[in-house]
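Laboratory data are not the source of any read-out in this text; all were calculated from the coordinates shown. Fair warning: this is a prediction, and the values are worked out from it, not measured in the lab. Please note: Cβ atoms are built from the backbone with ideal geometry, for glycine as well, and neighbour counts cover all protein chains shown.
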Amino acid sequence: MLAFTLRRAIQAVAVMIAVGIIAFSMFRFAGDPVNQMVSIDTSAAQRAAIRESLGLNDPVLVQFVRYFVNALQFKFGISYQFRLPVADLLKERMPATLELATCATILAMVFGILMGVYSALRRDSFLAKAFQAISLIGISLPTFLIGILLIYLFSVTLGWLPSFGRGEVVKFGWWSTGLLTISGLKALIMPSITLGLFQMTLIMRLVRAEMLEVMRTDYIRFARARGLTTRAIHFGHALKNTLVPVITVTGLQFGSVIAFAIITETVFQWPGMGLLFVQAVQNVDVPIMAAYLLMVSLIFVTINLVVDILYTIVDPRLRATISRPA
Amino acid sequence: MSDAVVPQKAESAAPAAASAVGWLERLLQSDLLYSFRRSRLTMLAAAVTLLFFLAAIFAPLIAVQNPFDPAQLQLMNSRIAPLWTADGQSPFLLGTDEQGRDMLSAILYGLRISLIVGLLGVAFSGALGILLGLVAGYVGGAVDSLIMRIADVQLTFPAILIALLVNGIAKSVFSNRLDAVSMLGVLVLAIGLSFWVQYARTVRGSVLVEKNKDYVAAAQLIGLPAPVIMLRHVLPNTMGPIMVIATINLALAIITEATLSFLGSGMPDTMPSLGTLIRIGNNYLFAGEWWIVAFPGIALAALILSINLLGDWLRDALNPKLR
């Protein structure tokens, strides 16, 4: 068990080093950093001085180690467009993205589980078929089209909800939250739906399939034979057992939700990390791109590691297969 | 020398024609066609997809103007509503955008770009994935674990993130001075590098199964080189699942291209794809000019939905367990 955890942790570190090499190569070799920072009338001598002060004349390996050590302390260099430290920019934008991603995930889980359970228990009802159709559309429609459609309906036509921004935010130290003001909550509704729709269809399909599977098992039949109420069987026994894979998938998908927030944040001009990243790609702001890659990779790798380890704790069958020599 | 070649060709033409007839006959009696003709939704999806492809191919004949040619656009004609509304003007059936571009023409030409990028992207990712999968499965050992390790890591990242990164790197290498046609190449590269993993995994899995069969041993015994065995003998036996992945990935590639263009790091305004048209139209939503965004959006959604339906059908039809 300990050996497995350790091996997984080493693999995670190896992945992070690989991503670090990619981020560093982008930072160093994709375009010339000095040219990005100076104007046309900077003299050659000044350019050379900047080059020297940035340490760009050192051996590549030294530069890589320096970049890596800096990145470990969350120093990612200076943004080309904003002339500000990238770490500060990311820190300022992070609460917006995390709030959006969390809201979207909660929304997706609540509605996904409800719809999945309903369409498994009442397979042939009209509503279940409607849910299936919605899930096909949810998978086929690109995220940005859903966002535009929502804006057209609720902002342009009905004028109920704001179409861009976060509304008023309240500051707690460096964390800013939109959850405590009316305008902040109103601004959160449409982006969360847009971002959560894809996860919702995923969860709905998963819950439906798992429920159908569980309802066929012997212990459900036995529970019926014991004369338990239908509700106790459905929710106390069947649903409980479908929740383990649902929580795993949702957990693993949280990283993708943060990455997909790039699109949603652009549609709604939501001031999060994704919008920062898109603007960085448009303006070739390499330090931000490299830092975003590192941050998102860290989130991904951590989630994967935690899920892997939790799995072996929760499910004893897996522990048996791991301890068996491969 | 040429004398010797020509009669040979003439001789081989007759069996080729016969085998073409045989192929057609086999197609007409196949389970695939049977299941196709039994599903109305699939036939509709196929018809819509075919219509889109034909519209893209014959775009210059249908369109009233070439929207990529600034000389044919007139600012006088900008932001005209569709023909059936009160402010509509002939010949602009679906209205015009802010540059005086006829929306229908722009959609037809944009469809071309979207389909070209999608098809080339699928071809590139397929070729890359198949090659790496064949090598990983056939060679095995350290090569195999290296390729599959990279695949595992990449699979944890969403394709759109990788596509955006490739795009950003290409832009910074070329100092952000890419013309429209090279942008097309960059998009194909970005899509190809984002979607190869699934092909590689599938091909590797099939190769591991096929590798131990007698026909491969026989081919090795008569001394065929490994690349020939891989491409001519093993690969054809892995094509079924590849076709399914390619169909579903065509829809994904078109979505990815549209998303990149929508985010402003894809096709430029001068040579718009469907995604670019939607991004442009999005700016006029609040001005009440809904047609600039609505029609490209509907076209994109219909295209993706019908390709997805075709992919779903192909997956079920080729899966012997469901028969």
Comparing A:87, A:101, A:133, which has the greatest mean-square fluctuation in the GNM of chain A with Cα pairs linked when under 10 Å apart?
A:133
Just the number: Rg to Rh for region B:237-323, Cα atoms, Kirkwood Rh, two decimals.
1.15
Measuring from the longest principal axis of the C-alpha atoms of chain B, the long axis of helix B:2-28 (C-alpha) lies at a number of degrees, nearest 10, equal to 80 degrees
In nm, give the distance between the simple-model label positions of residue A:309 and residue A:6, each being 7 Å from the Cα along the Cα-to-Cβ direction.
1.4 nm
Using R₀ = 56 Å, calculate the FRET efficiency as 1/(1 + (r/R₀)^6) where r is the Cβ-Cβ separation of residue A:110 and residue B:221; round to 0.05.
0.35
Once you place label points 7 Å from the Cα toward the Cβ at residue B:211 and residue B:90, how far apart are they in nm?
6.8 nm
Quick one: putting +1 on the C-beta of Lys and Arg, -1 on the C-beta of Asp and Glu, what dipole do you get for region B:54-322 around its Cα centre, in Debye to the nearest 20?
740 debye
Just rank B:230, A:215, fewest to most, by other beta-carbon atoms within 10 angstrom.
A:215, B:230
Given 10 Å bins starting at zero, what is the percent of C-alpha pairs of chain B in each, up to the one with the largest pair distance?
5, 20, 25, 23, 16, 7, 2, 0
Note, region B:182-188: 3J(HN,Hα) by Karplus (6.51, -1.76, 1.60, θ = phi - 60°), whole Hz, Gly/Pro = x, goes 5, 4, 4, x, 4, 5, 4
Run through every distinct alpha carbon pair of region A:204-312 and return the Kirkwood hydrodynamic radius in angstroms, one decimal place.
17.0 Å
Among A:177, A:266, which comes first, then next, by fewest other beta-carbon atoms within 10 Å?
A:177, A:266
So what are the ³J(HN,Hα) numbers for region B:109-125, from phi and the Karplus equation (6.51, -1.76, 1.60; θ = phi - 60°), rounded to whole Hz, Gly and Pro as x?
5, x, 4, 4, 4, 4, 5, 4, 4, x, 5, 5, x, 5, 4, 5, 5
I'd like the mean, over residues of A:276-289, of how many other protein chain beta carbons sit within 10 Å of each residue's own Cβ.
4
Can you find, among A:121, B:317, B:92, the residue sitting farthest towards the positive end of the charge dipole of the protein assembly as shown, where Lys and Arg contribute +1 and Asp and Glu -1 at Cβ?
A:121
By the DSSP-based rule, helices of chain A that are at least 30 Å long along the axis (C-alpha) and have a mean Kyte score of at least -1.0 are A:2-29, A:86-121, A:182-215, A:240-267, A:286-314
Could you work out the pair-distance distribution P(r) of the protein assembly as shown from its alpha-carbon pairs, with 20 angstrom bin width and percents rounded to whole numbers?
15, 47, 32, 6, 0
R0 of 41 Å, Cβ-Cβ distance residue B:286-residue A:139: FRET efficiency to nearest 0.05
0.90
Chain B: calculated mean residue ellipticity at 222 nm from DSSP helix runs of at least 4, using -39500 (n - 2.57)
-23500 deg cm²/dmol
Taking 37 °C and 0.692 mPa s as the conditions, I'd like the Stokes-Einstein D for region B:38-157 in µm²/s, using the Kirkwood hydrodynamic radius from alpha carbon pairs.
181 µm²/s
Would you mind giving the average projected area, over all directions, of the Cα convex hull of region A:38-175 in nm² with one decimal?
15.6 nm²
Expressed as an acute angle from 0 to 90° and rounded to the nearest 10, what is the orientation of the C-alpha long axis of helix B:239-262 relative to the principal long axis of chain B?
30 degrees
Within a Gaussian network of chain A (alpha carbon springs, distance under 10 Å), most fluctuating of A:204, A:109, A:26:
A:26
What FRET efficiency, computed as 1/(1 + (r/R0)^6) with R0 = 25 Å and r the Cβ-Cβ distance, is obtained for residue B:50 and residue B:316, rounded to the nearest 0.05?
0.80
Looking only at A:208, A:51, A:166, which one moves most when chain A is put into a Gaussian network model with springs between Cα atoms under 10 Å?
A:51
For the Cα atoms of chain B, what angle does the longest principal axis make with the long axis of helix B:159-173, in degrees from 0 to 90, nearest 10?
70 degrees
Calculate how large, on average over all directions, the projected area of the Cα convex hull of chain A is; give the answer in nm² to one decimal.
23.2 nm²
Residue order, fewest to most surrounding Cβ atoms within 10 angstrom, among A:258, B:229:
B:229, A:258
Which whole number gives the average, over all residues in A:143-153, of C-beta atoms from other chains lying within 10 Å of the residue C-beta?
5
